[in-house]
Amino acid sequence: MKILLVEDEFDVGSAIHRTLKQEKFIIDWVQNGEEAWYYLQEPLSQYTIAILDWMLPGLTGLELCQRLRARQNAIPILMLTARDRWEDKVLGLDAGADDYLIKPFRMEELLARLRALLRRAPQFQSQQLQVGPLVLSYSDRSLTYTVPDEPPRSTRLSKKEFQLLEYFMKHPKQSMSRERILNYLYELDAERVSNVVAAQVRLLRKRLAEIGCSDLIETISGGSYRINQRYAN
């Protein structure tokens, strides 16, 4: 899951970024509203949730909320602010924030609020993702493949294998370019190794072969990948 953190206070942003990295989230951290808007408009980013400070250089967190909702963007938003008056809370929620956390706060509360937002997000209300005979489980990162007249075959996936297969299964009819996969699996400012996507796909294929799905991910022209359509149909 990929999170956009927008926080201009360096100490606060560093602490949140460090905590979320420890929890195995993929984090893009920016420190002003204009840059955040650019990131949010990037079609390859695919953010799961946004954490927005209220007071930011450029666009405020409140203005970012309003812009997103005006464009029918339903990304869950957690607003961070030192404003603790009830009138401010109402203003933030009416602007489109899904939750509101007052500074200073404990990281345990931040994580709990993120978990609550993720549980309410439509894409995470189901604990499983299914494409044809394949079922991906969020609870234990397992993949189960069911063949007629045979017992189901299952395997456990690593974090990156799960994220990559989840991305493919959420877009079963689409081809995924190397750039799209990179931007989904890694922070935008992370150092990228040129063959990292091919290496991740190779590892995933090896794991899939264990349950008889070695042909699930196919390479198509231009170096892109997609789910083999005999599984997707």
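The values are calculated or read from the model by the stated rules, or taken from the named source; none is laboratory data. Computed from a predicted structure; not experimentally measured. Note that each Cβ is placed from the backbone with ideal geometry, even for glycine, and that neighbours are counted across all protein chains shown.
When the test is whether a residue is hydroxyl-bearing (Ser, Thr, Tyr) and modelled with pLDDT under 85, Tyr138 passes it.
Inspect all residues belonging to the stretch 212-229 and state whether any of them is in contact with a Ser or Thr (Cβ under 7 Å, 6 or more places away or on another chain) and aromatic (Phe, Trp, Tyr). Yes, the stretch 212-229 contains at least one residue that is in contact with a Ser or Thr (Cβ under 7 Å, 6 or more places away or on another chain) and aromatic (Phe, Trp, Tyr). When you check Gly33 against the structure, is it crowded, with 18+ Cβ neighbours inside 10 Å and not hydrophobic (A, V, I, L, M, F, W, C), yes or no? So Gly33 fits the description; yes. Annotation for the stretch 77-100: at least one member residue is out of contact with any helix residue (DSSP H, G or I) (no Cβ under 7 Å at 6 or more places or on another chain), surrounded by 14 or more Cβ atoms within 10 Å (Cβ to Cβ) and within 28 Å of Tyr186 (Cβ to Cβ). When Tyr225, Tyr231 are screened for being closer than 30 Å to Ala74 by Cβ, aromatic (Phe, Trp, Tyr), in contact with a strand residue (DSSP E or B) (Cβ under 7 Å, 6 or more places away or on another chain) and part of a strand (DSSP E or B), only Tyr225 passes. Inspection of the stretch 183-202 finds a residue satisfying the criterion of being loosely packed, with under 15 Cβ neighbours inside 10 Å, within 22 Å of Thr48 (Cβ to Cβ) and among the charged types (D, E, K, R).
Please work out if Gln31 is of a type in the set (S, T, N, Q), on the phi < 0 side of the Ramachandran plot and out of contact with any helix residue (DSSP H, G or I) (no Cβ under 9 Å at 6 or more places or on another chain). The answer is no for Gln31.
Within the stretch 19-40, which residues are more than 13 Å from the chain's Cα centre (by Cα) and either hydroxyl-bearing (Ser, Thr, Tyr) or within 12 Å of Ile75 (Cα to Cα) (or both)? Thr19, Tyr38, Tyr39 - these are the residues of the stretch 19-40 that are more than 13 Å from the chain's Cα centre (by Cα) and either hydroxyl-bearing (Ser, Thr, Tyr) or within 12 Å of Ile75 (Cα to Cα) (or both). Only residues that are under 20 Å from Leu101 (Cβ atoms) and basic (Lys, Arg) were counted across the stretch 40-77, and they come to 1.
Restricted to the stretch 1-29, and to residues there that are under 20 Å from Ile102 (Cα atoms) and of a type in the set (A, V, I, L, M), the residue that is surrounded by the most Cβ atoms within 10 Å (Cβ to Cβ) is Val6. When restricted to residues that are surrounded by fewer than 18 Cβ atoms within 10 Å (Cβ to Cβ), of a type in the set (A, V, I, L, M, F, W, C) and closer than 21 Å to Arg120 by Cβ, the stretch 45-74 contains 1.
Can you name the number of the only condition in (1) in contact with a strand residue (DSSP E or B) (Cβ under 9 Å, 6 or more places away or on another chain); (2) in a helix (DSSP H, G or I) that Leu4 fails? Tallying (1) in contact with a strand residue (DSSP E or B) (Cβ under 9 Å, 6 or more places away or on another chain); (2) in a helix (DSSP H, G or I), Leu4 fails exactly one: (2). A single entry from Leu62, Leu68, Leu80, Leu40 fulfils the requirement of being of a type in the set (A, V, I, L, M, F, W, C), free of Cβ contacts under 8 Å to residues at least 40 places away in the same chain and more than 25 Å from Glu179 (Cα to Cα): Leu62. Applying the criterion of being among the β-branched types (Val, Ile, Thr) and in contact (Cβ under 8 Å) with a residue 40 or more places away in the chain to the residues of the stretch 1-37, the residue that is nearest to Leu114 (Cα to Cα) is Ile3.
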